Amino acid sequence: MNGFKIAAGIVPKPGALSAIATQPLIQFLQNDIQQYRFNMQFCESPIEDRHAEIRLGTSQNCKRRERLFRYNYRLRAGGAWRVMHNSFMQEAIQRAVENVRSGQGGPFGAIVVKDGRVIATGTNLVTTANDPTAHAEVNAIREACRALGTFQLPGCEIYSSCEPCPMCLGAIYWARPDRVYFAATASDAAEAGFDDSFIYDELKLSPRERRIPFEPIMREAGLEPFREWVKKSDRIRY
């Protein structure tokens, strides 16, 4: 009778699922991993090797199984992630639709996701809150920071029903999420009456040439807060 060696199954390297690190997805793939371990458990080896040891099987049969598993793993992981990916965006879009129907504000919604779960949501509340800064992305970022107890959002992703405006773009860069996804584009928003492209044009002009004139005064006095900041040894950088 031929001897056998116990072959260890291949499992994802640490961090390999970081981009799709969600408990539902891990559970979705768990059966595949367990089945692979079972299939790879015994690989035929030379008759003289009768002792058991943990190692990756080297027979052609094991290699074929390994390649097949890796292919199926990538295929199913990608498919599962796309489903979750789209569901997050669908939630942001649905919140935007409901925001319009309820009369709460403009047609914009956003959510913040961390580790595969929604930790914050936001809709446009400009008209009901009488706050011109109450855009969906800004509200979602504020809620996410409160939920996490931090002023930045590393490890988070933002899903927005529409491409962020210049103000929200600035807020997003200050919040420092890992990635931003959007559905409708800025041109789509412009067709609906939300054209903010002129703001980018304004930034190219000198302060005094802008539609709302910006007048610099008392620069020397204005440097004093920065001097205090630089001298402060326990300042929290952001």
In Å, descending, principal axis extents of the Cα set of the stretch 122-189: 31, 25, 16
Expressed in angstrom, Rg and Dmax over the Cα atoms of the stretch 80-137 are 12.2, 41
Sequence order, the stretch 105-116: Karplus ³J(HN,Hα) from phi using 6.51 cos²θ - 1.76 cosθ + 1.60, θ = phi - 60°, Hz rounded, Gly and Pro as x, gives x, x, x, 9, x, 8, 9, 10, 10, 9, 6, x
Describe numerically, in nm with one decimal, the distance between label points set 7 Å from Cα along Cα→Cβ at S206 and at D115. 5.3
At 0.36 nm per residue, and after removing the present C-alpha to C-alpha distance, how many nm does the segment from V97 to K232 gain when stretched out fully? 43.9 nm
Note the full-extension length gain between E191 and R219 as 0.36 nm times their separation in residues minus their Cα-Cα distance, in nm to one decimal. 6.0 nm
Name the residues whose placed amide hydrogens come within less than 5 Å of the amide hydrogen of C162, ignoring near sequence neighbours (fewer than 5 apart) on the same chain. G109, A183, A184
By the C-alpha gyration tensor axes a ≥ b ≥ c (rounded if a/c is under 1.5, else prolate when a/b exceeds b/c, else oblate), the shape of the stretch 165-215 is oblate
Take each of the peptides 220-231, 163-174, average the number of other beta-carbon atoms within 10 Å over its residues, and list them starting from the highest. 163-174, 220-231
Computed from the mean reciprocal separation of all distinct C-alpha pairs, what Kirkwood hydrodynamic radius does the stretch 104-238 have, in Å? 16.9
Per 0.36 nm of contour for each residue apart, how much would the distance between F198 and S87 grow if the chain were fully extended, relative to their Cα-Cα spacing? 36.7 nm
For the stretch 134-211, what is the accessible area per residue in Å², given a 1.4 Å probe and the full set of protein chains? 58
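The values are calculated or read from the model by the stated rules, or taken from the named source; none is laboratory data. In this text the structure is predicted, and so the values were computed from the model without any measurement. Positions of Cβ are generated from backbone atoms using ideal geometry, with glycine treated the same way; all protein chains shown enter the neighbour counts. Side chains included, ligands, DNA and RNA excluded: accessible areas come from the protein's heavy atoms. Shrake-Rupley method; radii C 1.70, N 1.55, O 1.52, S 1.80 Å.
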